[in-house]
Amino acid sequence: MRKKRNWGLGILVSSIALIIAFWGVQPARMINVLADANYLYLIPIVILVILGLATRARSWQVLMDEQVSLRQSFKALNEGYLLNTVLPFRLGELARAYLISREGQISSGHALAAVVAERFVDAVVCLIGLLIALPWIINPQWANNVAFGITAVLVAALAIFLVIAYKRDKIQAILARLPKGGLWKLVDTIGEFFEGLELFQKPTLLGQAAFWSLMAWLTAWLSLAMTIRMFGLESNWIVWLFVSGIIAFGAAVPSMPGAVGVYELSAVTGLMIFGYSQETALSIAVLGHMVQLAITAFLGAAGLTSEGETIAGLAAKARELMPQKQTITNL
């Protein structure tokens, strides 16, 4: 019943987002916009998306203390993204931890801790870009208030991770005294996760991961620029940073797999702020989203095939770690 409710919520959110994004669009005008696009720009866009995936995999690899190869990290990342594209509940994040841990160099708990750290670092870099763009779009004082609030949340999140990292033995001891059923039967693995959060005590490691995350966002910003240019339009760095940030955080809203609907609505909202027509903004959003999903699906499927895995089999393994996901979410 709970899974059905989650599915229902995701479908509802995505449906509402799609209705809003498409509301008022003139089909004939949108068809003309798509027909006039220069699709040769797809070549650099595809290259940039692949480079972005590689740099994200490198950031994750760094946070795993380079105990796995970049090839392993890249394959697991794309297989996880594939799962996120076709299944709900963000199973892909758990799947990539499982895929890395089965190689034997790192435990699933440590891999999950690295996933959490990678997502945290990625969010920080994205937010910095968004905050840099904000004063150019809205009243500087209002932008400062937003920046202060977001910074406070990030500092609080970092403080929580640091407390867990430094006090993990005490926290694990408390968990060990709880009833040995359900979630708490995983105390040993949760302990591995806590140990993995030691990387938050390593500023050099976090700095390296942030650098590679910045490179990933650079490819995302340039990819957006190329997608806009595909339709014969100009843009600047303010557009790239702001719209990419809006898309990233909009896509985090619970929705259908692949962030269908919320991605499009976020992109259209961000682009229309800069004066792009709704038809053009929607064309940019739909095309950009399709390219990203297609590339990750292809690379993820290739990885699964090479390892003799299936989506169903990988999802089953990821579900075995589902209680851990609940723990991480609560953190």
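Roughly what % of Cα-Cα distances in the range 45-129 sit above 23 Å, to the whole percent?
The proportion of pairs with Cα distances above 23 Å equals 17 percent.
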Could you tell me the extents of the range 33-78's C-alpha atoms along the three principal axes, largest first, rounded to whole Å?
48, 13, 13
For 269, 305, 55, ascending order of other Cβ atoms within 10 Å (fewest first) is 305, 269, 55
Diffing the range 90-97: the Karplus 3J(HN,Hα) column from phi (6.51, -1.76, 1.60, θ = phi - 60°), in whole Hz with x for Gly and Pro, holds 6, 4, x, 5, 6, 4, 5, 5
Computed log₁₀ I(q)/I(0) - Debye formula, equal Cα scatterers, no solvent, the range 1-109, q 0.22 Å⁻¹
-1.09
Karplus-derived 3J(HN,Hα), 6.51/-1.76/1.60, for each residue of the range 74-80, Hz, glycine and proline x:
5, 5, 5, 4, 6, 5, x
Taking R0 as 51 Å, what's the FRET efficiency between residue 15 and residue 65 from their Cβ-Cβ distance, rounded to 0.05?
0.75
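Every number in this text was worked out from the coordinates using simple rules, so none of it is lab data. What you are looking at is a predicted structure, and each value in this text was computed from that prediction instead of being measured. Here the Cβ is made from the backbone with ideal geometry for all residues, glycine too, and neighbour counts use every protein chain on show.
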